[in-house]
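To start, the structure itself, in structure tokens.
The values are calculated or read from the model by the stated rules, or taken from the named source; none is laboratory data. On a predicted model such as this, the values are computed, not experimentally measured, just so you know. Virtual Cβ from ideal backbone geometry, glycine too; neighbours counted across all protein chains shown. Side chains are part of the model used for accessible areas, which takes the heavy atoms of the whole protein and leaves out ligands, DNA and RNA. Shrake-Rupley method; radii C 1.70, N 1.55, O 1.52, S 1.80 Å.
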Amino acid sequence: MCPTAAVALRELANRGEHRTPATRNLTKQSTLALLEMAAAHHSTNSGRCARCGFAYTANVRDCPKLRLIRHALEARGAIPITQPEKTNIGMCVGKPEAWDLAGQNAAAWGRAIDACQKCPFLAQCDKQAKRSHVTNVIAGGVAYDENGRPIDRKAFHRYIALSSASSYIRTARADHEVAA
């Protein structure tokens, strides 16, 4: 089995559990490099990806690597958030980076919330988010903090500053306890 196919199968097997090594490697790439990589993954006359050789089917228009690259670019706000391939699921399914508060900035949060507002499953997602007590994520068009409380959109910058400061304090305390 080729390495690219092995990575794709590993990603499918571990979906939702953690980021795959391929995804972590993409986060280290510059936006320009990701755009260049995406351009290299396109269909040829033989029905295969020009870069990785993935065989396309009638239902699969993008190779797994191109999907990973698109997810990374969407999370950065470099390309618009696209509708998933299945029409009965929300835009956020399979793209956790764009709706996760960690590692994002206020502008990215705003883009994710705007995308939620356009989603046909907004009401359903909002009910589920309130029922399941979500944390550190954007769900149903609302950003939730680590305690599951909604964060006012006007207060994103203040929340980021306060959470960064409290994270620094927790780390300093832990380091001090280890040293003691």
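Looking across segment 9-57 at every residue that is charged (D, E, K, R) and at pLDDT below 65, the one that is surrounded by the most Cβ atoms within 10 Å (Cβ to Cβ) is identified as 19.
One residue alone among 97, 74 is modelled with pLDDT under 75, assigned to a helix (DSSP H, G or I) and surrounded by 19 or more Cβ atoms within 10 Å (Cβ to Cβ), and that residue is 97. Take residue 88 and decide whether it is at pLDDT below 70 and either more than 23 Å from residue 153 (Cα to Cα) or out of contact with any His (no Cβ under 8 Å at 6 or more places or on another chain) (or both). Yes. When segment 114-146 is filtered for residues that are in contact with a Leu (Cβ under 8 Å, 6 or more places away or on another chain) and part of a helix (DSSP H, G or I), only 116 remains.
Counting only residues that are basic (Lys, Arg) and either under 19 Å from residue 102 (Cβ atoms) or open to solvent by less than 70 Å² (accessible area, probe 1.4 Å) (or both), which one in segment 130-180 is modelled with the lowest pLDDT?
Selected residue: 170.
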